[in-house]
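Student: Take a look at this one; I'll ask things after.
The values are calculated or read from the model by the stated rules, or taken from the named source; none is laboratory data. No experiment lies behind these values; they were computed from the predicted model shown. When we count neighbours, we look across all protein chains shown, and the Cβ atoms used for this are built from the backbone with ideal geometry, even at glycine. Side chains are part of the model used for accessible areas, which takes the heavy atoms of the whole protein and leaves out ligands, DNA and RNA. Shrake-Rupley method; radii C 1.70, N 1.55, O 1.52, S 1.80 Å.
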Amino acid sequence: MPSTPVVRRRRAALAAGAAGALVVALAACTSPAPTVSPAPSADPSASAEPIFASDEEALAAAVAAHEAYLAMNDAIISDGGGTERILAYTTPEYGAQRIDELAAFVSSGLRSTGRTTFDTVSLAEYAESEQPPRISMYACVDVSGTRLINSAGVDVTPADRDSRVPVLLSFEGGPGSVLVSGSQLWSGDNFC
């Protein structure tokens, strides 16, 4: 099938995304602290039950969804395959992007050992009125418990890697079905 300009742009975007994903894993923690956006006010005329009982409950659901997502992400880059497993933890669009990024990482011959964690979470926004409902949160992703191993079994983790990276994470869904829909390095003040 010939490569069209749309296909070439999509491939370029996916390649840039893969590079971005590796940067999150290896980047220095030099970004500024976030300012928290207030949650949008609810429509007083709406009579529907709230999806989450509180902002804290929405944040807890996002934290649980991200913990599960990170565990699967670590398993994929440790196992060196099965990238489609990430789809159970992501929206379809973000999952397709992550499959391409993970496949690029795996095909590079690198593997990762250990466990990625995160902390310092705070709610950025909870938009219950959106369809689907959306949650975003700030977090510090911590890769200090992971090592990069090449195909010869040699640890190639950069010595100057900063192990804590500030990110803004996005989620969609409600109780029992919150999925990761995006992740980006935070460009504000470093809050890690």
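Student: Of the numbered conditions (1) open to solvent by less than 20 Å² (accessible area, probe 1.4 Å); (2) touching a residue at least 40 places away in the same chain (Cβ under 8 Å); (3) of a type in the set (V, I, T), I86 satisfies every one except a single condition; which is it?
Tutor: That leaves (2) as the condition not met.
Student: Here's another thing I want to ask about it. Of the residues D142, D119, which is in contact with a Cys (Cβ under 9 Å, 6 or more places away or on another chain), within 21 Å of S181 (Cα to Cα) and free of Cβ contacts under 8 Å to residues at least 24 places away in the same chain?
Tutor: D119
Student: Do we find that A75 is in a helix (DSSP H, G or I) and in contact with a Ser or Thr (Cβ under 9 Å, 6 or more places away or on another chain) in this structure?
Tutor: The answer is no for A75.
Student: Filter the stretch 123-180 for residues that are open to solvent by less than 50 Å² (accessible area, probe 1.4 Å) and acidic (D, E) and give the result.
Tutor: D142, E172 - these are the residues of the stretch 123-180 that are open to solvent by less than 50 Å² (accessible area, probe 1.4 Å) and acidic (D, E).
Student: Would it be correct to say that S112 is in contact with a helix residue (DSSP H, G or I) (Cβ under 7 Å, 6 or more places away or on another chain) and open to solvent by less than 50 Å² (accessible area, probe 1.4 Å)?
Tutor: yes
Student: Quickly run through the stretch 108-134 and pick out the residues that are over 15 Å from the mean Cα position of the chain (by Cα) and either over 30 Å from I51 (Cβ atoms) or among the aromatic types (F, W, Y) (or both).
Tutor: S108, G109, L110, R111, S112, T113, G114, Y126 - these are the residues of the stretch 108-134 that are over 15 Å from the mean Cα position of the chain (by Cα) and either over 30 Å from I51 (Cβ atoms) or among the aromatic types (F, W, Y) (or both).
Student: Hey, another quick one. So which strands (runs of 3 or more DSSP E) stay within the stretch 106-157 end to end and still have 2 or more residues that are of a type in the set (A, V, I, L, M)?
Tutor: 117-127, 134-142, 146-149
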